[in-house]
Every structure is written in C-alpha cells, then in structure tokens.
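Every number in this text was worked out from the coordinates using simple rules, so none of it is lab data. Source: prediction; values computed, not measured. When we count neighbours, we look across all protein chains shown, and the Cβ atoms used for this are built from the backbone with ideal geometry, even at glycine.
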Amino acid sequence: MFGKKKAKKSNIYFDSFPVLAHYAVECGEKILDFMEHFDHEKLLEIKEGVHAIEHKADDTKHEITQKLLTEFMTPIDREDIFELLRLIDDVTDAMEEVSLKLYLYDYRELPPDSIPFTELTVECIRKMENCLQHFNDYLNVEVMTPLINEVIHLEEKSDAEYIEDMHNLYLKETDGFKRHRAEALYTMLEEVSDACREVCRYVQNIAFKNI
C-alpha cells in the first residue's frame, strides 16, 4: 500500500530540497523584519540584502544541478529532481520580487494589513520547508499528507486575505499611486503562497509516480 512503503535513504538530492527552501525562509523573514520596522531610507538595503540570499540560493541550485547532470543513477527520476529544484527556487525568486518592488516603486509607507499578510506568507514558506525536510518519507502518506495539507490550508488563507485586502483597498483608497502600490504588494505575497503550494503538489506527484 502507498502508506506502507519504506522511506528512501537520505541522499544529496533529498537533503538539498530543504536547504534550498530555507533560503526562501530567510528572504521572507528578512522582509518581514523590515516591514515590522519600516524605514523608507532602508529600501535599497533590504533589496540588496534579500538579493544576496537569493544569489546564494542560485549558487546552491547550480551546484546540485551540475552534479545531477553527471549522475549515472538518481533516487527518483532526474526530471523530477530538476523540476522540484526549479519550483523551490521559484518561491525564493517570488519572495525576492517583493523586496525589489518595494525599492522600485519607492514605498513611502506600507499598505494596510501588509504585516499580517506577510506573516501569513512567511508561515506558508516555513511549512513548505518543513514538508521538504520530510521528503525522505515521500512515499508515506501518513507522514506527508498532513504536511502538504498545512501548506495548502495556508495558501487558501492567503487567497482569502488577498480577496479581503483588495476589496477593502478599492472601497477605501482613492489615491491611484497608493492603490497601485498596495495591489502590487498584495498580489506578490499571494503569488509566494501559490508557489509554495506548487512545490507541495509536485511532491505529491512524485509520490504517485513511485507507488
């Protein structure tokens, strides 16, 4: 049965998934801390700080990919490892986009509910990382399903937060520039949670392929 299969032995590829995910966590936590102590004068500093983390993530992904290209045997399909690495990297990139747009759009203040929305986003990234920390048990439905469902639940909360914040924005904000900045931030945060969900769905796909 699906839930009774033994976990695969740990290996460099399985171990690399949570390592890459943690870069996304670092980006999210750095941005959240910046928002909690918002200072317009530090927009460039946060952009560069988050980019430095994202650059480390790219270097790590490149190292793993180069090894994968020369590997004769892989623990799961080579294409699945490539795709999962890409999807995890998408989360880090999506989080970096937040810091980049904060700088490019020159936010002078944060839109309403930015901090709780970002807290929700960061928690979703953490839960994704936790799921990947258990990837060695990807065939064990009793282990993986609750972990995946935690991410999906948070992504659904993010969708609801996005809808409510956007609704309130168009009801209350008449300044076009402020509305544009707020809409951009809400959309980027919601897209980060979407990216986390895609990572976990792909973990499920890998499991189904290897039953």
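I'd like to check something: does segment 70-86 contain any residue that is among the hydroxyl-bearing types (Ser, Thr, Tyr) and surrounded by fewer than 18 Cβ atoms within 10 Å (Cβ to Cβ)? Within segment 70-86, one or more residues are among the hydroxyl-bearing types (Ser, Thr, Tyr) and surrounded by fewer than 18 Cβ atoms within 10 Å (Cβ to Cβ).
Go through the residues of segment 116-125 one by one and say whether even a single one is closer than 27 Å to residue 150 by Cβ, among the acidic types (Asp, Glu) and part of a helix (DSSP H, G or I). For segment 116-125, residues closer than 27 Å to residue 150 by Cβ, among the acidic types (Asp, Glu) and part of a helix (DSSP H, G or I): present. Scanning segment 138-171 for residues that are in contact (Cβ under 8 Å) with a residue 40 or more places away in the chain and among the basic types (Lys, Arg) returns no hits.
Within segment 35-50, the set of residues being in contact with a Lys or Arg (Cβ under 7 Å, 6 or more places away or on another chain) and not hydrophobic (A, V, I, L, M, F, W, C) comprises 40, 49. Considering only segment 158-186, how many residues are surrounded by fewer than 15 Cβ atoms within 10 Å (Cβ to Cβ) and touching a helix residue (DSSP H, G or I) at 6+ places or on another chain (Cβ under 8 Å)? So the count comes out to 2.
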